[in-house]
Structures are given as structure tokens and as C-alpha cells.
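> First, the structure itself, so that you have it in front of you.
The values are calculated or read from the model by the stated rules, or taken from the named source; none is laboratory data. Since this is a predicted model, take the numbers as computed values, not measurements. Heads up, the Cβs are rebuilt from the backbone with ideal geometry, glycines too, and the neighbour counts pull from every protein chain shown. Side chains are part of the model used for accessible areas, which takes the heavy atoms of the whole protein and leaves out ligands, DNA and RNA. Shrake-Rupley method; radii C 1.70, N 1.55, O 1.52, S 1.80 Å.
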Amino acid sequence: MSEQPATVRVVIVDDHPLVRDGVRACLEASPHLRVVGEAGDAAAAERLILAERPDLALVDIGMRGESGIDLIARLRRQEVPTRLVVLTMYDNPEYVAEAMRAGARGYVLKDAPSDEIFAAIDAVQAGGCYYSAGVDPVAGSGHPAGPLLTHREKEVLALIAEGLNNKRIASALGMSVRTVETHRLNIKRKVGIEGTAALLKYAFGREWAR
């Protein structure tokens, strides 16, 4: 007699209720998957995942407030054991690379066949990774051309490119020096670089930030 697969407890993170309803209906069609919660933003998702400790979370990228990638990175820093899979409409290679650097184990497109969600869950639960057909995990593996920086972070980066120090940036943008320092740290974390020299080089090379 074959052993029945263990039930996989899943959380859905997406800011569109209709999307969450559709994903839930898809997952609950499988007797081996159980949705244990839903969240519509990163803060609520973090609380839910820390409380429920699900086996896996399906996380959208573009949400109000913090992005799904920020959420994934924060959960990884807390060493939460939940496996994290991106479920998004964005097939941009830079987003793929940033999501994987943050700690995602899979990247599934919302317009993919529903079978891909099941395949991703199976692969990730088995200790592997999964990418939707058409998603290239290598193409964006360098520094991303357009990471998910906030509008304020882009403004700070543009002024860094102009050679302004923290005090002058703070004055130009009407914020404290400490806030500018926080933005600089967030930018470096998001693009995966360290040190002031590397940040300057990155800023000079980013035409989109000007």
C-alpha cells in the first residue's frame, strides 16, 4: 500500500481579493494542499506566516506598500522555514533575479496554466526550485537594471549620481540625514552591493534613476 503524500499548508499573499479567491479554488482542488490563510499586503502576510508557519507561501510582487520581494527578504533574514514562491504577472528578468536573491525558491507567472502552480509546489517542497516556462533565471542574474526601488529611493539614487553627500541630499529632499542613510542602506540591499564606491558606480550607470 503506497504512502499518502503529506498535506502541504499554504498561505496566499496578493492584494487583489479576486486573485486570492481564484488561487484558493485552484489549490483546494487538490486533496494534498490546504490553504491556511490569506493576506493582502506585506505586513499582514508577515504576521500571518509567523503565526501559522505554513509549509509554503505564494507571494505576489506588486502590492500596496512593500513589495513581495521585500517581504521575502525579511522573512529569510528571520530564518522563517516557510518556502516562498513568487506568483506574479511580471516576467521581467531583473525581477526574477531579485526575487531569487531575496530567497524565493520558485517564480510562477499568473497567466501560466494552473498545472504550473502544482508543479512549482511539488518541486519546491522536494527541495528544488521552479520557474515558469518562458522565465529565464539566468538572464537577469547580474545587477538588475530596474530593481523595485521606491520613488524616494530613486530620488536619493539620482542625487547620489550627481555627487551630493547625505547632508545635501537631505536638504534637497526635505528629510533628515538619518533618513537618507536608511534609504542608502535599502538601495544597497536591494541591488546586492556593498560599500560607497560600489553604490556610486551603480548610480552613475543607472540612466533610469536620473
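> Just the number please: accessible area per residue for the chain, 1.4 Å probe, all protein chains included, in Å². Intermediate values should be presented prior to the final figure.
Details: 10580 Å² over 210 residues.
It amounts to 50 Å² per residue over the chain.
> Identify, among 58, 198, 11, the residue whose Cα sits farthest towards the positive end of the charge dipole of the chain, taking +1 on the Cβ of Lys and Arg and -1 on the Cβ of Asp and Glu, with the dipole about the Cα centre.
Of the options given, the answer is 198.
> Extending each Cα 7 Å along its Cβ direction at residue 175 and residue 152, get the distance between those two points in nm, one decimal.
Between residue 175 and residue 152, the simple spin-label model gives 0.5 nm.
> Expected output is a single nm value to one decimal: the length gained when fully extending between residue 52 and residue 26, i.e. 0.36 nm times separation in residues minus the C-alpha distance. What is it? Please list the in-between numbers first.
Values: separation 26, 0.36 × 26 = 9.36 nm, distance 2.08 nm.
Full extension from residue 52 to residue 26 adds 7.3 nm.
> Still on this structure, I have one more. What ³J(HN,Hα) values, in whole Hz, does the Karplus curve 6.51 cos²θ - 1.76 cosθ + 1.60 give for region 80-88 when θ = phi - 60°, with x put for Gly and Pro?
Once θ is set to phi - 60°, the couplings for region 80-88 become 5, x, 4, 7, 10, 10, 7, 10, 8 Hz.
> A further question on this structure: Is it possible to state the helix-based mean residue ellipticity at 222 nm for the chain, with each DSSP H run of 4+ residues giving -39500 (n - 2.57), the sum divided by total residues, to the nearest 500 deg cm²/dmol? What is it? Write out the running numbers ahead of the final one.
Working: 9 runs with 97 residues, N = 210.
It comes out at -14000 deg cm²/dmol, rounded to the nearest 500.
> Would you work out the charge dipole size for the chain about its Cα centre, treating the Cβ of every Lys and Arg as +1 and the Cβ of every Asp and Glu as -1, and quote it to the nearest 20 debye? Spell out each step's value before the answer.
Details: 26 positive and 28 negative charges, 222 e Å.
Computed about the Cα centre, the dipole is about 1060 debye.
> To the nearest 20 debye, what charge dipole does region 61-108 have about its Cα centre, counting +1 at the Cβ of each Lys and Arg and -1 at the Cβ of each Asp and Glu?
On the way: 7 positive and 6 negative charges, 46 e Å.
Using Cβ point charges on Lys, Arg, Asp and Glu, region 61-108 gives about 220 debye.
> Given springs between every Cα pair under 10 Å in a Gaussian network model of the chain, which of 105, 53, 168 has the largest fluctuation?
With Cα springs under 10 Å in the chain, the top fluctuation among 105, 53, 168 is at 168.
> May I pose another question? Determine the relative contact order of the chain: mean sequence separation of Cα pairs under 8 Å and six or more apart, normalised by residue count, in whole percent.
Details: 317 pairs, mean separation 29.6, N = 210.
Computed value for the chain: 14 percent relative contact order.
> Could I ask something else about it? For region 11-58, state which GluC sites (Glu not before Pro) are in a DSSP loop and have at most 13 other beta carbons lying within 10 Å of their beta carbon. Show your work: numbers first, answer last.
Working: sites: 28, 38, 46, 52; in loops: 28.
For GluC sites (Glu not before Pro) across region 11-58 that sit outside H, G, I, E and B with at most 13 neighbouring Cβ atoms in 10 Å, the list reads 28.
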